[in-house]
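Derivation of every value follows stated rules applied to the coordinates shown; laboratory data play no part. Everything numeric in this text was worked out from a predicted model, so none of it was measured. Cβ atoms come from the backbone with ideal geometry, glycine included; neighbour counts cover every protein chain shown.
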């Protein structure tokens, strides 16, 4: 039985002069040639020398996605190699080792050749699949290089990759991959739709007017085009095809750097360094604890005011608090902000099995149930026995009292310590109000405060029954009071008077007027 054999070769980026002599000789003596696509300038050379071949272009039309195409190509090539070696489909494969060479080696007559544009190891997913699967399929694999489109990019665009360089796939790039301080080459820009996706991704970091370079058929005589366009015009540029790429030159522009998380981490580290800010260096977790609370409430105020500009600034102030506390621990060697991010990401993935796992959730209640189940599982993994914990554990000690009362009651209700209807809750409010009246009559300040607390706690219970967050409800009332009180102030100003020149009757009249204003 013959050994099934696949040789993968690179056809270069387009010009016939880029094809290596070894690959050309191999192509000429091969009996079975397969190409990923015949939409490549090198195929003209095949036709001129009457080299027959089979193309996988038809798969691009039949299948719905590029990953499906590459899967199909790899499976087809393995089967073709086994068939060429005279192996029946049902015959068990004997594992073999794959090899990668960069010079033409002796090639068995029974092997097949698979030719790809550029270099086989650059942006060729089907080749990577062959490397993974050929050994266990019993198919020997040899990979011979060719000039990649990157060689032409470095030469024709004129940049040195040692300055910092990254290659991204247009079909899968995300803004998180972008690094302004590195030259960025984006390949697989097959058409205008793909270019549009690239544009939108780049716009998450770069300004609309930022210059980008489009390269078509680099190194191909008579076909090469190199255009510099503003980012917003990227997808309006004609000519995108199989030989197109986009280059975003590296930049030291501070505005771009300041849009990255890495720059924020760097700035906070500098502020806390010996050469940094004396005030920042002196701070501890305890000294800026109150700042964290204040910044959080300022962010909440911006949310309540539906103020996008304010939110943008205040959210940044909250993030700064996280960065400062994390930097303090980084200096001690405990953890870094990247550990914080990793922990958060892993928690989100773990607690959303209905999104990132195999569970389902048809509505918010099912999603919340999954979340609680995974939280319980986390405790078990940490060695915490839920049976030995209080049902009220897990509520932050310093949570504002109104919010804490709401959280306590929700946890108690989960185990059945709750009323069945709201009527007894309202009766409880009346009962606590009566006890408060008695305490006021007794003139005992401690008892008065205690009974007031009981009344507020009962009111929180009512909020829970009508599915209203008491903190939000009170916040709305505070806002409403301020608005109506401001109306009273305005009316007094209009009449040229102050509060000591009016009385409660008139103020109450203004108040009622304010209530009628939307």
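What is the helix-to-structure angle for 125-137, meaning the angle in degrees between its Cα long axis and the longest Cα principal axis of the chain, kept from 0 to 90 and rounded to the nearest 10?
Roughly 70 degrees between the two axes.
So, R0 is 30 Å and r is the distance between the beta-carbons of residue 421 and residue 384; what FRET efficiency does that work out to, to 0.05?
0.30
So how do 190, 338, 114 line up by other beta-carbon neighbours within 10 Å, fewest first?
If I rank by nearby Cβ atoms, fewest first, I get 338, 190, 114.
Of the listed peptides 435-443, 8-16, 452-460, what is their order by residue-averaged count of other C-beta atoms within 10 Å, with the highest listed first?
My ranking of the peptides, most packed first, is 8-16, 452-460, 435-443.
Going by average Cβ density within 10 Å per residue, which order do the peptides 52-58, 252-258 take, highest to lowest?
By packing density, highest mean first, the sequence is 52-58, 252-258.
List the pair-distance distribution P(r) of the chain, using every Cα-Cα distance, as the percent of pairs falling in each 10 Å bin from 0 up to the bin containing the longest distance, rounded to whole percents.
Final binned percentages: 3, 11, 16, 17, 16, 14, 10, 7, 4, 2, 1, 0.
Of 235, 418, how do they rank once you tally other Cβ atoms within 10 Å and put the fewest first?
Ordered by Cβ neighbours within 10 Å, fewest first: 418, 235.
How far is helix 401-414 tilted, in degrees, relative to the longest principal axis of the Cα atoms in the chain, given as a value from 0 to 90 rounded to the nearest 10?
Its long axis makes an angle of about 70 degrees.
So, in nm, how far is label residue 255 from label residue 517 when the simple model puts each one 7 Å beyond its Cα toward the Cβ?
Between residue 255 and residue 517, the simple spin-label model gives 4.2 nm.
Between residue 263 and residue 279, what is the spin-label point distance in nm, taking each point 7 Å from the Cα along the Cα→C-beta axis?
Result for the modelled spin labels: 2.3 nm.
Out of the DSSP beta bridges found with both residues in the chain, what percent are antiparallel (nearest 5)?
40
Would you calculate the separation in nanometres between label points at residue 437 and residue 174, each defined as 7 Å from the Cα along the Cα-to-beta-carbon direction?
The modelled label-to-label distance comes out at 6.2 nm.
Counting other C-beta atoms within 10 Å, which of 199, 410, 404 has the fewest, and how do the rest follow?
Ascending number of Cβ neighbours within 10 Å: 410, 404, 199.
If the chain between residue 345 and residue 125 were fully stretched, how many nm would it gain, using 0.36 nm times the residue separation less the Cα-Cα distance?
Extra length available between residue 345 and residue 125 comes to 76.4 nm.
Helix 192-202 versus the longest principal axis of the chain: what is the Cα-based angle in degrees, 0 to 90, to the nearest 10?
Roughly 50 degrees between the two axes.
What full-extension length gain, to one decimal in nm, is calculated for residue 508 and residue 335 as 0.36 nm per residue of separation minus the Cα-Cα distance?
56.5 nm
Using per-residue counts of other Cβ atoms within 10 Å, averaged over each peptide, order 465-473, 238-246 from highest down.
The packing order, highest mean first, is 238-246, 465-473.
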